[in-house]
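The values are calculated or read from the model by the stated rules, or taken from the named source; none is laboratory data. Because the structure is a prediction, the values reported are computed rather than measured. Note that we place each Cβ from the backbone using ideal geometry, even for glycine, and neighbour counts take in every protein chain shown.
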Amino acid sequence: MLETFLTVLLSVLAGTAIACVLGLLPGLHIYNVMGVLVLGVLGLSKAGIDVPPEVYLPAMTGMVVAWSVVNTIPAVLLGTPDESALFTVLPGQKYLMAGRGFEGTMITAVGALAGAWFLLAVVAPCAPVYLPVAQQVLKGHMHWILWIIITFMLMSEWPKGGNRGRAGWAKFFDAWKTLLAGLATFLLAGLLGFILLTASPVSHEVAFQNIMPAFVGLFAVPWCLLNMISAADVPPQRLSKTLDLDGDVVLRSVWSGGLGGGIAAYFPIVTGGVGGMLAGHACAQREERVFIMGQGVSKFIYYVGAFMLMFVPGLNLTRGGGAWMVKTLYVPAGRSDYYLVLGCIAVSAGLSYLAMEPLAKLTVRFVSRFNYRHVSTVALGIIVLMVLLMTGWIGLFIAAVATGIGMLPVLFGSRRLNCLGILLLPIACNMSGFGSKITAFLGLT
C-alpha cells in the first residue's frame, strides 16, 4: 500500500513538473506531449513491458492540471494562446502593454485555483449522483443543442465597419467583410475537418494526432506570424505584490468561468473558447478582473473537468483529447480510480499554483531581455519541429493549409473561434445523421 502511494505521488509530481516546464513554451499543447507518452507506453507493452496504471494515470493527470494553470504565462506574456485562451488574451494583452503582465498572469492563476476548488468541492461530490441521470436525459438531444451553439456563435459575430463612408456597395462591403470572413473561415475549417476526420492523410500509427497539425495551423502559427510582423515593443513589466482581489470578484469569476468551462467540458466538441463566449453572454460580467480570472476558472474546468468526466462512476464520458488518450491505455474500474484522479488533481493544482509566481517572474525577465519578434520566431520554429516529428511532412502540409484559413480572422478582424468549425461542423453533421451524405458528395468515402 505504501509502495503504491509513493508511486502515485512520484508520478503526479513528475507529470506536474514536466507540464510546468512545457507550459512555458508558446504554441505547444500538452496533448501533443501526452500523445508521445501514450506511444511510449504502447511501445513498451508491445515489447512485453507492462507499465502499471499507477504510473501513467497520475502522470497524465498532473500534466493536464499543471498545463491548464501554467500555460496562462505564454498566453499573456508571449502572445501565443490556444483557442481556450483567446478571451484571456485580449484583456491580458492590455495588461501586458500597460506593464501589468505579471499581475494579469497571477489573476488568471488565482482563477485556476478557484476553479480547482469548485471542481473538487462542488462538482466532484455531485457528479456521480446527477451527471449519469443528466446524460440519460440529454444524450438524444446533443445534435440540436450543438447546432444551436453553432448558430449562436455565427450570429453573434457583429459587424465592425459600415458606420462611415460613402453609401452604396463600398459601405455594404465594409459592414459585411468581417461577417463574410467569419462564415468563410467556419466553412473552410469545416471542410478541412471533414477531410481529416474521414480520410486523413496522416499515418495510422499516430492517428490520434491527426487533427493536431490543423489546430497548430489554425491557432498557433497565425499568432506567431502576426507577432513577427507587427509586434510592438513590450514596455517594462512591474512585479506587483498584491492583486487587488476580494471575495466578490472571486465568486463572480467562479460563476461565469464555471459555467463556461462546464459547458465546454460536458458537451461534445464545445471547446473552452466557445464555452467562455456562451458564459460571457449569459453572465454579462464586464469588469476586467472578473473577465481574466473567470477565464482562468473556465480553462481549468474545461481541461481538467473533461478529463475527470471519464472517471465519474456510472458516466465514463470521454470529452477532450486527454480522456481519449487515456482510453487507448486504460478503462476506469470504479470509485477507486475516481478518488485517485481527484487526489492527483488536488496535489497538482496546489503545486502548479505555487510554481506560477516564480515561473511568471522568470518569463517577465526573459521578455525584458529578448526581442518579442525573436521569441515568436523561436516559438514558430518549435511548433514546426513538433509537427514534423509527430506527423511528418504531410502534417506540415496540413498545418500550412490550416494556416491559410487561420489567417482570415487575422486579416479581416473576424472572430478566431470560427476556426473551430474544423470540429463543430463535421461532428454536428455526423450527429444529425447526414454526415455520410456530405462526405459522399465530397468524394471522401
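Please count how many residues of segment 309-348 are farther than 21 Å from Asn32 by Cβ and within 17 Å of the chain's Cα centre (by Cα).
Number satisfying all stated conditions: 1.
I need the helices (runs of 4 or more DSSP H) fully contained in segment 233-313, keeping only those with at least 3 residues that are farther than 17 Å from Ala349 by Cα.
Per the criteria, 247-266, 272-283, 288-300.
If Gly433 passes every condition in (1) more than 20 Å from Val33 (Cβ to Cβ); (2) modelled with pLDDT of 85 or more but one, which one does it miss?
Answer for Gly433: the failing condition is (2).
Cβ contacts < 7 Å: first residue farther than 8 Å from Ser376 by Cβ, restricted to segment 211-231; second residue crowded, with 24+ Cβ neighbours inside 10 Å and basic (Lys, Arg), any location; separation 6+ or different chain. Result?
Close Cβ pairs (under 7 Å, with a partner that is crowded, with 24+ Cβ neighbours inside 10 Å and basic (Lys, Arg)) do not exist here.
Go through the residues of segment 394-410 one by one and say whether even a single one is modelled with pLDDT under 85, closer than 26 Å to Leu278 by Cβ and in a helix (DSSP H, G or I).
Yes, some residue in segment 394-410 is modelled with pLDDT under 85, closer than 26 Å to Leu278 by Cβ and in a helix (DSSP H, G or I).
If Thr198 satisfies every condition in (1) surrounded by 18 or more Cβ atoms within 10 Å (Cβ to Cβ); (2) at pLDDT 75 or above but one, which is the exception?
Among (1) surrounded by 18 or more Cβ atoms within 10 Å (Cβ to Cβ); (2) at pLDDT 75 or above, Thr198 violates only (1).
Of the residues Arg365, Arg373, which single one is exposed (fewer than 13 other Cβ atoms within 10 Å of the Cβ) and either within 20 Å of the chain's Cα centre (by Cα) or in a helix (DSSP H, G or I) (or both)?
Arg365
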